[in-house]
1. Search the structure for amide H atoms under 5 Å from the amide H of I39, placed 1.01 Å from N in the peptide plane, and list their residues when 5 or more places away or on another chain.
2. Which value, in debye to the nearest 20, gives the size of the charge dipole of the range 55-323 about its Cα centre, when Lys and Arg are +1 and Asp and Glu are -1 at the Cβ?
3. Spin-label point model (7 Å from Cα, Cβ direction): what's the E20 to E229 distance in nm?
4. With point charges of +1 on the Cβ of Lys and Arg and -1 on the Cβ of Asp and Glu, referenced to the Cα centre of the chain, which listed residue (C288, A137, G327) lies farthest in the positive direction of the dipole?
5. Which ³J(HN,Hα) values, rounded to whole Hz and listed in residue order, are derived for the range 279-296 from phi using the Karplus coefficients 6.51, -1.76 and 1.60 in 6.51 cos²θ - 1.76 cosθ + 1.60 with θ = phi - 60°, glycine and proline given as x?
6. How large is the convex hull of the Cα atoms of the chain per residue, expressed in Å³ as a whole number?
7. Checking the a/c ratio against 1.5 first, then a/b against b/c, what shape does the Cα gyration tensor give for the range 47-125?
8. Separation between the F238 and E5 pseudo-spin-labels, each 7 Å from Cα along Cα→Cβ, expressed in nm?
Amino acid sequence: MPVVEKARRRSRQTFGLPSEPLRDPLGYPCKLCVHACRIPQGGVGFCGLPPGGREKARVSWYHDPLPTNCVADFVCPGGTGAGFPRWAHRAGPEHGYQNLAVFYEACNFDCLYCQNWHYRVDGPQRTPLPPEDLVEAVTPRTSCICFFGGDPTPQLPHALRAAELSLEANKQRILRICFETNGSMNRRLLARMVELSLASGGVIKFDLKAWNPQVHFALTGAPNDRTLENFAWVAERFTLRPEVPLLVASILLVPGYVDVEEIRPLAQFIANLNPQIPLSLLAFHPHCLMDDLPCTSAAHMERCVRAAEEAGLLRVHVGNRHLLWPGDYEE
């Protein structure tokens, strides 16, 4: 734990963020996520955002041609045509259409290997934007909107409002609402996410960092109980729309941290909920404060795929194959 705490202090100080969730007894009670910060006047939460409403957000977006490098591309309508013709424009990959990728520039986790850490530098400088600006970015060729980041959780009211307005402005056509998240949000907000994704043919993608709470905290600075509870809650609704999976799990295979000992219980947890829930195992690339690690090895990936399938999962996918190192750490 002293090693973990030292790394965490370094991470937070590097980006000028609070070292831990604030607990000011007289502070503003934020209820958006698992941290439940109480933010003092003039302060910011663990996510780096001030308290209050989310009428505007630190957010940017871009149009991404489909099919794209989405966590769920191996099962989603944009990548496969799943749910055609109701949820997809084509019976196969939606060539010629676009995903509106919406990047929220804040996060309530503090992953030491963050692949998008630049938002911590650029985000505070960005002028907050209302959800109406995002709605205007939807074009006739936009067939899905994916809210990710960072993480949408700290600014989820903004994302939900943007999604609602986008659907209202684009009735009678395909426009899927998707989320990619660490899953630690308030359950009430999660319920609205599920409603929007179910109704539009979208997918909610949970990034499960680790099973062991200590490993999870070491890597992310956050607990994982809320994430697992929320994942199980969404899984209960998985069968409501079988033609397009409502829920997809992803796990990043961090060398030395997230290996078979982590994958096996996570996969068993998912399989016990529903073995049809898709799982994407992602190859790691050294980044941010964990840039001294190697990429995931092919042997590491093979062991984890086998463990996930032995746990009972029926749809296990390998993502980021181009990052796989051909050797084996155990040699």
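Read-outs: derived from the displayed coordinates by stated rules, not from any lab. Because the structure is predicted, anything quoted here is derived from the model rather than measured. Glycine also receives a Cβ, built like all others from the backbone with ideal geometry; neighbour counts cover every protein chain displayed.
1. Counting only residues 5 or more places away or on other chains, the set is Y28, C30.
2. 660
3. Result: 2.0 nm between the two label points.
4. The residue sitting most towards the positive pole is A137.
5. 10, 10, 8, 9, 6, 8, 10, x, 7, 6, 8, 10, 8, 9, 8, x, 5, 4
6. Convex hull volume per residue, Cα atoms: 127 Å³.
7. Prolate, because a/c is 1.5 or more and a/b exceeds b/c.
8. It is 3.9 nm.
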